[in-house]
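Peer 1: Dropping the structure in here first, questions after.
The values are calculated or read from the model by the stated rules, or taken from the named source; none is laboratory data. As the structure is a prediction and not an experimental result, all values here were calculated from the model. Heads up, the Cβs are rebuilt from the backbone with ideal geometry, glycines too, and the neighbour counts pull from every protein chain shown. We work out accessible area using only protein heavy atoms, side chains counted, and drop any ligands, DNA or RNA first. Shrake-Rupley method; radii C 1.70, N 1.55, O 1.52, S 1.80 Å.
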Amino acid sequence: MKKYVSKIIFALIVVAFIICCCIQAPITNSIGSLWSLLPPIVAIGLALITKEVYSSLFIGVITGGILYAISTATGFSGVFNAVIQEGLIANLSDSYNVGILIFLVVLGIIVVLMNKAGGSRAYGEWASKHIKNRAGASISTFFLGVLIFVDDYFNCLTVGSVMRPVTDKHKISRSKLAYLIDATAAPVCIIAPISSWAAAVSGTVDGVNNGIQLFISTIPYNLYALLTLIMVMYISLSDIDFGPMKLHEDNAKKGDLFTTKKHVYADDDQPVTSRGKVIDLILPVVVLIVLCVIGMIYTGGFFAGKSFIDAFADCDASYGLSLGSMGALILIIAYFMCRRVLSFTECMNSIAAGFKQMVPAILILTFAWTLKTMTNLLDAGPYVSGIVQGATAVQILLPLILFVVAIGLAFATGTSWGTFGILIPIVTGVFSTELADVAQTGQIPTMVIICISACLAGAVCGDHCSPISDTTIMASTGAQCDHVNHVSTQLPYAMTVAGVCAVGYLISGFVQNVFVVLGVSIVLLLLVLFAIKRINKGKAQVKYKS
């Protein structure tokens, strides 16, 4: 009976949600109502319950297609049009999405080349001599994630490919590696002034002359990003874990890095040359980073006379990453051939192997993008923004309200950019009078900064937790970890930080002082983690039986 409890609970939640939907609006009026949130709830719930992400996402997509067809009275043809034409075909023909897929595949090829050339093996041997314990491996992963701050996709895949041999050597579970990658991807990018995220945020702000200046002002109040980084350092140095992650880590210490035995990503069985050196991993990664940054600023007009920061603000991340990674691939192949560690035939054989490694991520991304299309067709964003606008009367509680709503919206839609793109214009609309004086005074009101920070923090938190988030999928891919394992083990960690942030944003509405808000939040987080450490001390968990 125990194994059916979670399924029964999920069924009851869905039934209760459908009843609420029926009370709020008939199913024939699903567009712009509570019904619009049903597809992601079905997909996310099924993924967490069944541990099978492909079918769960597809069922969520079908649910969205059916609701859209009922609302538009288009019958079966409407379902097919929404799911196939507007969903799968539109997303796979979208230039931005195709650019991300190209970047993903090229990065997979580069990883295979580095492995086959012996670079990863040599780096693993070097790291085993210099990184002595689990804490060192975790902290090294953390610092590498912080250093690669220009883009979250790039961060996830690069850090994962470089650090997998090291964390495997020190018996850190793949789920823990995926968390370390995910926690230093979006949370780092959202507080890095030179990143694709800074460009996205600055582009959504109306009423402020310098969007980058406003973005920099939000950094001290971005509690979720800052506290997540503090939490990663704390759990890495103290070697504490809780929730499902503790089970995965206990098993990893005994030699089982996966726990569920569900190896989604095929092992790389390509022959590895013994001539590889550490430089055969370091140099390709450096070339990739440099060319991707150049590619991004090129698309933003840097070589046409724009400043570096303005070029980043106007860049096309998808095109820039594709351009940079493709150029890096050509140089890396030439380098390995000149070094005589790989022949031309071996390099060409790596192309198919690299593509194969990325197939699971491509499938999940495609279904996730299609699910987002369903929520867009059902106007989930405008529905949530209407709720927020109705709550703006209580301005003291507005930071907390925006934080919570942003978490829910990003979790349901899987997009942090879309979430703050919806909520930030609401904030600037609420404070339009105060913002009108910014041009003369040059001072942005503190409450505006706090509210926009709350939007950004909530968007990153929801994105961090969501199984249909691009970044979450990329983190699973980089760690080569089962996606559902990553989501289920990361969720308690993210929710712990989110709970502390909620208290911080509640305080910020009353005390608009960054030192008080951030100081209290950091102390509270450390107290919570210390309490968890004491509670978990000496606890043992039973190994999962697949």
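Peer 1: Could you work out, for segment 455-546, what percent of all Cα-Cα pairs fall into each 10 Å distance bin, beginning at 0 Å and stopping at the bin that holds the largest distance?
Peer 2: Histogram of Cα-Cα distances, whole percents per bin: 14, 34, 33, 17, 2, 0.
Peer 1: Based on the alpha-carbon gyration tensor of segment 146-195 and its eigenvalue square roots a ≥ b ≥ c, which shape applies: rounded if a/c is under 1.5, prolate if not and a/b is larger than b/c, or oblate?
Peer 2: Since a/c reaches 1.5 and a/b is larger than b/c, the shape of segment 146-195 is classed as prolate.
Peer 1: Could you work out the equivalent-ellipsoid semi-axes for segment 14-75, taking the square root of 5 times each eigenvalue of the Cα gyration tensor, largest first, in whole Å? Please report the intermediate quantities before stating the final value.
Peer 2: Numbers: eigenvalues 92, 39, 9 Å².
After scaling each eigenvalue by five and taking roots: 21, 14, 7 Å.
Peer 1: For Cα extents along the principal axes in Å, one of (1) 77, 57, 45; (2) 67, 63, 55; (3) 86, 66, 39 was computed from the structure I shared and the rest are decoys. Which label?
Peer 2: (2)
Peer 1: Same structure, new question: Would you mind checking the tilt of helix 2-24 against the longest principal axis of the Cα atoms of the chain, expressed as 0 to 90 degrees and rounded to 10?
Peer 2: 40
Peer 1: With a 1.4 Å probe and every protein chain left in place, work out the accessible area per residue of the chain in Å², rounded to a whole number.
Peer 2: Dividing the accessible area of the chain by its residue count gives 39 Å².
Peer 1: Mind checking the angle between helix 380-390 and the chain's longest principal axis? C-alpha axes, 0 to 90 degrees, to the nearest 10.
Peer 2: 50
Peer 1: Which entries in LYS246/LYS533; LYS169/LYS277; LYS51/LYS169 show an alpha-carbon gap greater than 23 Å?
Peer 2: Check vs 23 Å cut-off fails for LYS51/LYS169.
Peer 1: Multiply the residue separation of ASP239 and SER93 by 0.36 nm, subtract the distance between their alpha-carbon atoms, and state the gained length in nm to one decimal.
Peer 2: Once the chain is fully extended between ASP239 and SER93, it gains 48.1 nm.
Peer 1: In addition: Give the distance, in whole Å, between the Cα centre of segment 336-408 and the Cα centre of segment 3-36.
Peer 2: After rounding, the separation between the Cα centres reads 25 Å.
Peer 1: Shape of segment 300-359 from its Cα gyration tensor (a ≥ b ≥ c, root eigenvalues): rounded if a/c is under 1.5, otherwise prolate when a/b > b/c, or oblate?
Peer 2: It is oblate, given that a/c is not under 1.5 and a/b is not larger than b/c.
Peer 1: Right, here's the next one. Would you mind telling me the share, in percent, of accessible area of segment 1-141 contributed by carbon and sulfur at probe 1.4 angstrom?
Peer 2: Details: 4660 of 6430 Å².
The nonpolar share, carbon plus sulfur, comes to 72 percent.
Peer 1: Could you order peptides 136-142, 218-224, 278-284 by the average number of other Cβ atoms within 10 Å of their residues, highest first?
Peer 2: Most protected by this proxy first, the peptides run 218-224, 136-142, 278-284.
Peer 1: Give the carbon-plus-sulfur fraction of the accessible surface of segment 283-383 in %, rounded to a whole number; probe 1.4 Å, heavy atoms of protein chains only.
Peer 2: Ligands and nucleic acids excluded, carbon and sulfur give 71 percent.
Peer 1: As a test of the formula, what do you get for the chain when each DSSP H run with n ≥ 4 contributes -39,500 (n - 2.57) and the sum is divided by the residue count, at 222 nm and rounded to the nearest 500 deg cm²/dmol? Walk me through the intermediate numbers first.
Peer 2: Working: 28 runs with 402 residues, N = 546.
For the chain, the value works out to -24000 deg cm²/dmol.
Peer 1: Still on this structure, I have one more. Output the relative contact order of the chain, whole-number percent, from Cα pairs under 8 angstrom with separation of 6+ residues.
Peer 2: Taking the mean separation of contacting Cα pairs over the length of the chain, I get 23 percent.
Peer 1: How far apart, in nm, are the 7 Å Cα→Cβ label points at VAL359 and MET326?
Peer 2: 2.5
Peer 1: Using only the Cα atoms of segment 274-413, build the gyration tensor, take square roots of its eigenvalues as a ≥ b ≥ c, and label the shape rounded, prolate or oblate: rounded if a/c is under 1.5, else prolate if a/b is larger than b/c, else oblate. Could the numbers behind the result be given before it?
Peer 2: Details: a/c = 3.03, a/b = 1.99, b/c = 1.53.
The shape class here is prolate.
Peer 1: Calculate, axis by axis, the spread of Cα positions in segment 65-185 along the three principal axes, and write the results as whole Å, longest axis first.
Peer 2: Principal extents (Cα only, largest first): 66, 27, 24 Å.
Peer 1: Just to verify a number: FRET efficiency for MET337 and GLU52, C-beta to C-beta distance, R0 = 41 Å, to 0.05? Kindly include the intermediate steps, with their values, before the conclusion.
Peer 2: Values: r = 42 Å, r/R0 = 1.02.
Once rounded, the FRET efficiency stands at 0.45.
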